[in-house]
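Reviewing the structure listed below.
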Amino acid sequence: MIRAGIIGSTGYAGAELVRLLLQHPEAEIIWYGSRSFAGQKFSDIYRNMVSLVDETLRAEDMEALSEEADVIFTATPQGLCASLVNEEILARTKLIDLSADFRLKKVEVYENWYKLAHKAPQYLEEAVYGLPELYRDRIRSARIVANPGCYTTCSILTLYPLVKEGLIEPDSIIIDAKSGTSGAGRGAKVQNLFCEVNESIKPYGVAKHRHTPEIEEQLSYAAGLDYQNGESICLNFTPHLVPMNRGILATCYAKLKEGVDKEQLAGAYQNAYAGERFIRLLGEDSFPETRWVEGSNFVDIGFTLDERTGRVIAVGALDNLVKGAAGQAVQNMNLLFGLPEDLGLRLVPVFP
């Protein structure tokens with residue numbers, strides 16, 4: 001059995017990790033970590049876990065945890081994981097970080113967008129971006145997996161085939177994305193109260209959302225650009241908050257290269273994702289909805305070619321807490337330990 005510890009187990013992503021790992025046939029949770037609720041029972045915080053999880057929450061002590069665990073999941077605010085990790089810890093255990101601390105390869109980009117001094121820049125080059133559909137071979141041998149965010153996973157996977165095959169003008173990309181309120185975290189914030197969110201939709205982080213450089217970096221690699229030496233895609237990314245619990249929907253627009261037709265678009269998606277367990281290609285003129293992926297590790301993708309404007313409109317949907325966070329983290333754990341990638345993740349979407 002894989003001995004797993006979770007630092008930050010009482011946030012939404014951490015609690016989703018608990019839910020998934022409890023059902024995993026080859027993993028056991030040995031440490032439920034929480035800074036805010038240490039000393040309390042996990043099931044007192046999440047009452048859906050009564051009689052399922054009787055453990056008491058422990059402090060966020062990565063040093064002590066690394067002595068016991070085969071893998072540590074950190075579902076924590078930006079900056080914490082980087083401040084705790086060291087060579088001794090990595091010699092004893094694997095690390096899957098759900099924050100942004102190791103997603104970006106350039107320390108100056110991280111510090112500019114997150115307004116934090118990076119505490120462990122020596123690990124940026126080593127850390128592997130945890131998007132299995134793109135990097136599974138590298139993930140298998142990693143010590144640090146940088147688990148991508150929800151908006152980024154959805155946006156990158158929706159656009160990746162089109163960028164990689166050179167079918168679109170990369171600097172014409174516009175991403176209009178929507179998220180359920182669980183994506184904003186569990187912390188108490190006035191702007192996330194029911195009366196503030198219900199019966200409304202609002203943009204936020206306009207022209208400055210912190211997932212923007214992550215999407216640009218990964219799509220730059222797909223385009224074959226020399227990102228480390230300053231070549232980069234530049235795009236518009238605008239997120240919106242909608243009054244639902246879970247889900248990401250990313251509608252992506254881009255100008256087509258001259259002569260590109262719908263058969264080439266469909267072929268690019270097939271070339272990239274044929275055989276991928278967790279990507280469901282809906283094809284041309286069929287579009288995803290968040291309700292059809294809720295509670296699952298699936299990403300649904302559809303597209304259309306707008307001949308009038310010469311643009312492609314590609315749409316992706318996923319559950320922000322599963323494929324956008326905890327489910328992807330478990331998928332990465334499976335790769336790290338040589339298990340079937342879908343083990344513990346054969347989740348049928350929940351409806352209604």
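Read-outs: derived from the displayed coordinates by stated rules, not from any lab. The structure presented is a predicted model; accordingly, all values stated were derived computationally and were not measured. Using ideal geometry, Cβ is built from the backbone for each residue, glycine included, and neighbour counts are taken over all protein chains shown.
Laid out as a table, the results:
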| quantity | calculated |
| --- | --- |
| Difference of contour (0.36 nm per residue) and Cα-Cα distance, N48 to L90 | 11.8 nm |
| Residues E307 and M1, FRET efficiency given R0 of 35 Å [Cβ-Cβ distance, rounded to 0.05] | 0.05 |
| Directionally averaged projected area (convex hull, Cα atoms, the range 151-319), nm² | 10.6 |
| Helical segments meeting 18 Å axial Cα length and Kyte-Doolittle -1.0 threshold in the chain (DSSP H) | 150-164 |
| Inter-label distance for E55 and Y204, nm, one decimal - labels placed 7 Å from Cα along Cα-to-Cβ | 3.0 |
| Interchain or long-range residues, amide H under 5 Å from W31's placed H | I6 |
| Computed Kirkwood radius, in angstrom, where 1/r is averaged over Cα pairs of the chain | 20.6 |
| Relative contact order (%) - the chain, alpha-carbon pairs under 8 angstrom, separation at least six | 17 |
| Extension gain from Q40 to L22, taking 0.36 nm per residue of separation minus the Cα-Cα distance | 4.6 nm |
| Gain in span if fully extended, E68 to K189, counting 0.36 nm per residue against the direct Cα distance | 40.0 nm |
| Value of Rg/Rh across the range 2-126 [Cα atoms, Kirkwood radius] | 0.99 |
| Calculated FRET value between L343 and H240, using beta carbons and R₀ = 35 Å, to 0.05 | 0.55 |
| Gap separating the Cα centres of the range 306-352 and the range 206-282, nearest whole Å | 14 |
| Theoretical ellipticity at 222 nm over the chain - DSSP helices of four or more residues, -39500 (n - 2.57) apiece, nearest 500 | -7500 deg cm²/dmol |
| Stokes-Einstein diffusion coefficient of the range 5-57, Kirkwood radius over Cα pairs, 10 °C, 1.306 mPa s, in µm²/s | 147 |
